[in-house]
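Every number here is computed from the coordinates shown, using simple stated rules; none is lab data. Given the structure is predicted, the values throughout are model-derived calculations rather than measurements. For neighbour counting, all protein chains shown are included, and Cβ atoms are generated from backbone atoms with ideal geometry for every residue, glycine included.
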Amino acid sequence: MKAIKVLVKSIIFLFLISSCNEPYIKFSSNNQVVNDTDTIDKKLWLLKHRRYQEPGIYLYNETSGVLEKELELPKNLESPHAIAFDGKFLWVGGIGEEESIYQIDPHTGAIISEIPNIRTEGIAVDGDYIYYSVYETNIINKIDKNGTFVEEIVTQNASLSIPDIAIDGNKLYYLRYTVTDPIVKLNLSNKNESFIPLSGNIDTYCLTIFNSEIIGVTLLNGISRFKQSSGDFISSNTTGIEGWITAIAPHYETIEPE
């Protein structure tokens, strides 16, 4: 009997040891499975302006410091300033006179669809919906992925324009052109707003939210991370990347349910 107990304990111990090496997996809101662990490399999509060095869309591995992929900008995207990733496609926009939001295949760079006549500095995707900041206003619009208008959100604390936005569940975050309290959290249910007190600096151009972290870009193209809940500083890494990074989006892998 004692031998059996020892054997059972050994099996449980081995199971726990092996489990510690497995990536943590969580279900997303649309029942896809998303890898979410520190053992997976941190990767970001970077949008670089076409008027500066090495323009394009890049997949940057922050863990290794390697640019893993380069995609060309859509030919008619005059002034690229906005990017989002929904786990399957990239969504890219800009602030030129006759801009569109482009749905892009992240593997090939091919344009899948185009939503015309939208000038924006910030895009966020939540399920079947796209949120985008309306250029040179304090307004964020919600549309579906076909471009059908759903809702207009008038922000209370934007200054001049809204340079970038991010979304996490029922909370939408937006940037302000100010050094003091540059990030605002907006509750989509009641439209209440509050400031995120960052214990560090980010450039007021780039913002994204992923794995309970606020991620931004410094003036010299470094990547800074802060706790989403408190704004406390986590890390800041140099990239050595040239050009102007105008927007970022997290890259993550999704697994379709069987």
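Annotations
- Per-pair calculated FRET efficiency, R0 = 51 Å: Asp181 and Asn117 via Cβ, rounded to 0.05: 0.95
- Subset of Lys145/Lys191; Lys69/Lys227; Lys42/Lys88 violating a 25 Å alpha-carbon distance limit: Lys69/Lys227
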